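Here is the structure we will look at, set down as structure tokens.
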Amino acid sequence: MKTTINKMVNILATAALLLILLYSCGCGQKLPENRPSGIKPVRLLNQDSSIINFPDAFKGKTLLLSFIYTNCPDICPMTTHNMQLIQEQLKKENIDYVRLAEMSFDPARDTPHILKEFGDIRDIDYKNFTFLTGNSQDIKNILDSMNILALPGDTTKTESGNIVYFFTHTDRITLIDKEGKIRNEYRGSKTNIQQIINDIKTLGD
Amino acid sequence: MVLFLSLLALLNSFSPKVKIENAWVRPAARGMNSALYFNLDNVTTKADALYKVTSKSAEVVQLHSTVKNNDGTMGMKEIKQIAIPAKSVVKFEPGGYHVMLINLKRSLRPHSKIEFTFYFKSAGKVKVKAIVKKE
């Protein structure tokens with residue numbers, strides 16, 4: 001009787017261990033989304049003023065896309081920092097099929113030069129990390145198709161005559177597969193980096 | 001009498017006030033914005049309030065709070081002062097309270113330092129140096 005109970009305990013323990021292993025490596029996890037992004041092809045600019053045909057330039061690669069504006073003091077820098085942490089983790093794990101991009105929803109102020117300054121001071125590794133800006137209408141169309149809200153708030157004028165305004169905005173990182181389909185969405189500023197890494201592994205090369 | 005009052009003033013300057021701990025700032029280029037974070041530890045038995053922070057390195061410095069709206073969007077609002085109850089810690093941290101630095105007069109590079117002056121209702125003026133770090 002005791003032997004039978006011991007065998008059953010062993011089987012259950014093994015099964016539990018296998019489940020934990022499967023969960024931690026991301027295998028077998030089904031991603032919650034599988035829908036077209038709805039983005040119509042446009043020409044955007046990166047931080048070096050090079051033309052990027054979006055989203056075609058990222059087809060065939062897994063894309064992690066976030067939305068920011070560089071005048072944001074709190075939320076957007078957190079998102080950028082999380083993107084950097086994800087990039088570092090991908091590098092550590094030799095995962096080279098992912099591209100990371102941050103698109104500005106404030107193209108009037110976020111010129112390529114400003115995006116470059118924003119990235120440089122944070123030591124961004126541009127090898128697989130791109131900042132994107134472009135024509136205001138093109139950006140608006142992308143935001144609309146991806147349900148990203150970005151509404152300029154109160155405007156104030158400083159003593160030196162500078163106009164200051166901030167955005168109320170969606171806080172999001174989106175995972176897009178190599179066919180251009182949205183596969184998951186995460187909160188950008190406070191996110192579970194390991195979950196994103198697991199989802200990327202689930203998609204595979 | 002003058003000596004006695006001077007002694008009292010001296011003793012008061014050594015008495016415990018609100019402590020400003022772990023002050024740090026996000027990196028940002030000249031002309032852009034950043035945020036200052038820290039912990040306020042009110043070790044006294046009297047409530048206090050932070051109502052102003054200044055810095056020569058930014059054109060405008062404001063007390064802000066990040067807010068999450070019902071539709072999930074994130075925004076900010078300026079706050080006039082922040083109460084610090086007696087024997088308590090108030091945290092200024094990413095995604096919550098922060099001191100907003102608008103239109104920086106110099107670039108804030110990682111590991112560099114920036115000086116601030118904090119103004120408290122009771123504790124008065126306190127100078128603090130914050131470190132610039134990526135977080």
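Key figures
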read-out: Unmet criterion (only one of (1) crowded, with 18+ Cβ neighbours inside 10 Å; (2) over 25 Å from B:Gly96 (Cα atoms); (3) more than 11 Å from chain B (Cβ to nearest Cβ)) for A:Lys127; value: (1)
read-out: Matching residues, segment A:78-113, being touching an Asp or Glu at 6+ places or on another chain (Cβ under 6 Å) and either surrounded by fewer than 16 Cβ atoms within 10 Å (Cβ to Cβ) or not assigned by TED's automatic domain parsing to the domain that holds A:Gly134 (or both); value: A:Tyr97
read-out: Helices (runs of 4 or more DSSP H) wholly inside segment A:58-158 containing at least 3 residues that are within 23 Å of B:Asn69 (Cβ to Cβ) and not hydroxyl-bearing (Ser, Thr, Tyr); value: A:75-92, A:136-145
read-out: Options A:Ile51, A:Ile5: the member that is of a type in the set (A, V, I, L, M), modelled with pLDDT of 95 or more, open to solvent by 80 Å² or more (accessible area, probe 1.4 Å) and over 30 Å from A:Asn162 (Cβ atoms); value: A:Ile51
read-out: Tally of residues being within 14 Å of the chain's Cα centre (by Cα), surrounded by fewer than 13 Cβ atoms within 10 Å (Cβ to Cβ) and among the polar types (S, T, N, Q) across segment B:55-97; value: 0
read-out: Leading residue by the ranking (nearest to the other protein chains (Cβ to nearest Cβ)) among those in segment A:159-205 that are part of a loop (DSSP other than H, G, I, E, B) and of a type in the set (Asp, Glu); value: A:Asp171
read-out: Where a residue in segment A:67-92 is at the interface with chain B (Cβ under 8 Å from one of its Cβ atoms) and within 20 Å of A:Ile139 (Cα to Cα) and its partner, wherever it lies, is of a type in the set (A, V, I, L, M) and assigned to a helix (DSSP H, G or I), with Cβ under 8 Å and at least six apart; value: A:Thr70/A:Ile114; A:Thr70/A:Leu115
read-out: Residue that is farthest from A:Thr168 (Cα to Cα), among those in segment B:66-91 that are more than 14 Å from chain A (Cβ to nearest Cβ) and either free of Cβ contacts under 8 Å to residues at least 24 places away in the same chain or assigned to a strand (DSSP E or B) (or both); value: B:Ser88
read-out: All positions within segment B:98-135 that are under 13 Å from B:Asn33 (Cβ atoms), open to solvent by less than 30 Å² (accessible area, probe 1.4 Å) and out of contact with any Gly (no Cβ under 8 Å at 6 or more places or on another chain); value: B:His98, B:Val99, B:Met100, B:Leu101, B:Ile102, B:Leu108
read-out: Selection count, segment A:141-158, where residues are closer than 30 Å to A:Phe58 by Cα and either open to solvent by 50 Å² or more (accessible area, probe 1.4 Å) or at the interface with chain B (Cβ under 8 Å from one of its Cβ atoms) (or both); value: 6
read-out: Long-range neighbours under 8 Å by Cβ, at least six apart or interchain, first residue at the interface with chain A (Cβ under 8 Å from one of its Cβ atoms) and under 11 Å from A:Thr70 (Cβ atoms) within segment B:25-38, second open to solvent by 10 Å² or more (accessible area, probe 1.4 Å) and assigned to a strand (DSSP E or B); value: B:Met32/B:Asn103; B:Asn33/B:Asn103
read-out: Looking only at segment B:48-65, and only at residues there that are in contact (Cβ under 8 Å) with a residue 60 or more places away in the chain and among the charged types (D, E, K, R), the one that is nearest to the other protein chains (Cβ to nearest Cβ); value: B:Lys52
read-out: Pairs with Cβ under 6 Å, 6+ apart, first in segment A:182-205 and among the aliphatic types (A, V, I, L, M), second at pLDDT below 95 and not in a loop (DSSP other than H, G, I, E, B); value: A:Ile182/A:Arg35
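The values are calculated or read from the model by the stated rules, or taken from the named source; none is laboratory data. None of these values were measured; they are calculated from a predicted model. Glycine gets a Cβ as well: all are built from the backbone with ideal geometry, and neighbour counts include every protein chain shown. In case anyone asks, the SASA skips ligands and DNA or RNA and just uses the protein heavy atoms, side chains included. Shrake-Rupley method; radii C 1.70, N 1.55, O 1.52, S 1.80 Å.
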